[in-house]
Every structure is written in C-alpha cells, then in structure tokens.
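The structure appears right after this line, and notes come after that.
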Amino acid sequence: MTSEDFDIITKGLTKSFANIQALKGIDLKVKKGEFITIFGPNGAGKTTLIKVLSTLSKPTAGSVIISKNDLKKEPQKVRRVVGVISHEPYLYGGLSALENICLFATMYGISNPKERSIEVIIKLGLEGRMHDLVGTFSSGMKQRLAVARAIVHDPSVLLLDEPFTGLDQHGIKILRDMLSILRSQDRTILMTTHNISEGLDLSDRVLILSRGEIVYEGITKGLEGERFKEIYLQKVAG
C-alpha cells in the first residue's frame, strides 16, 4: 500500500500541555473507507487526538496528513474534508434545526446551503421537526442533528469523540444505525468510545490508547467482547 491508500496518517504525533504530555509519538494509519474505534481510560489522550486531527488543537510535534492534506500547512483544506461528532452537539438552541444546519453549510461555503441542509435533515429523519427550536429537542434528536451538521459538507473523514455518551438505549440504536449507513458510504471513520459492544460491532479495527500511547491494535473480526475486555484491562493496567 502507498500513502494514497490512507485517509489519516500520523507520524510521531505529540501534544503537550505545560509539563503534561497527552500524546506521546502516535503513529497511526487509517485506510480509506476504514472504521477504527479507539478505546482507553479517561485521560488516555483520546479527545486530545480527535482535537488535533480536526484542527481544534495544534500538535506539539510530529506530522499529520488527512486526505493528502498536511494539517500544519493546510488546516483549511483539512477542515473541508473532516466532519466531527462528539457527545456535545455544538448546536444553537435558540435556532431551528434548519437554521442550525444552514448556518454550518454557509460556513463551509456550500453554494446552495438551504437545499443541502434540507437534504441531510431528511436523510436523518428529522424533517418533521425541521422548523422547531433545537432547544426543544431530546438528547437523541440533538445527536442526530449533530450528525447532519457533521456531514452537511460531505466530508470524506468523520471523527467521533464519545458519541454515545448521555444517550438512552433508543438513542444509542438510532446513532448506531446512522453510523452503519455512513460507514456503507465508504467514509473513513475514527471513533473514540467506552462502549465496547458498539465499538467492536461497528469497526474494522480497534486500538487501545493508554497514557498517550497506542498499546494495542487488532482487527475486530472474530474478536469477542469478553476477550477484548481481558485485553483492555491487561493493557491499561500494564
């Protein structure tokens, strides 16, 4: 394989905050269309990694290439090909669902922001609440709308930071179904989560991040949940 086959490449990626090194030389390659889940305890560096890859935080050292774009040299190009979903929806409660998505579509420079916003809202089954204020939405509905926000500019790479946090079982199922659809569209997806069952079921490959370092990497095919829990505890404790 060549670098052309990968949507995410990091080499020696480090991120420090004062005397704390949150990421310690991360080397990572994510193939085009691959779904990778990163597990790890709180403070392992998962959110920091997502923030760096999404240009929300600058790396201290190392290199990052996203869809052939150098993150340090071309952050604007990286933002155009990346969509970010987290447990915080980053929506405006005082605006309607359509107004929210139109706002982000306009920020991304989409030529027909309203038309495109309506299209993604319909895809996510929220057309009946399109004109309602987001402040009236349930957590699950906000998360669905957050997906619309993240894909309105049709990114090739999706970064998900603990997207299942705060959702009830119904909300988890809806989000899981949406992620399955997004995965089938040949998007590259990198997700962090504590939800082992969902992470294993959705992804092609799993990583364990501990103390800012990748301590385990493996494919999910044939990997049972109980076995992975044993591996996780061993790697994190070690």
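Some points to look at:
- The H on the amide N of Ala22, modeled in the peptide plane, is under 5 Å from the matching H of Lys15, Ser16, Phe17, each at least 5 residues off or on a different chain.
- Placing +1 on the Cβ of every Lys and Arg and -1 on the Cβ of every Asp and Glu, with no other charges, gives the chain a dipole of roughly 600 debye about its Cα centre.
- For Rg/Rh (Cα atoms, Kirkwood Rh), the value calculated from this model appears in (1) 1.00; (2) 1.30; (3) 0.97 under label (3).
- Both numbers refer to the Cα atoms of region 12-58; Rg and Dmax are 11.3, 37 Å.
- Spacing of the two label points (7 Å from each Cα toward its C-beta) at Lys24 and Asp186, in nm: 4.0
- Point-to-point label distance, Glu226-Lys31, nm (Cα→Cβ direction, 7 Å offset): 3.0
- Rounded to 5, percent antiparallel among DSSP beta bridges of the chain: 55
- Cross-link pairs exceeding 18 Å between alpha carbons, from the set Lys32/Lys123; Lys123/Lys173; Lys31/Lys68; Lys68/Lys114; Lys46/Lys68; Lys24/Lys46: Lys32/Lys123; Lys68/Lys114; Lys46/Lys68.
- With helices as the sole contributors, the chain gives -11000 deg cm²/dmol at 222 nm; each DSSP H run of n ≥ 4 counts as -39500 (n - 2.57), and the sum is divided by every residue.
Laboratory data are not the source of any read-out in this text; all were calculated from the coordinates shown. Just so it is clear, the model here is predicted, and its values are computed rather than measured. When we count neighbours, we look across all protein chains shown, and the Cβ atoms used for this are built from the backbone with ideal geometry, even at glycine.
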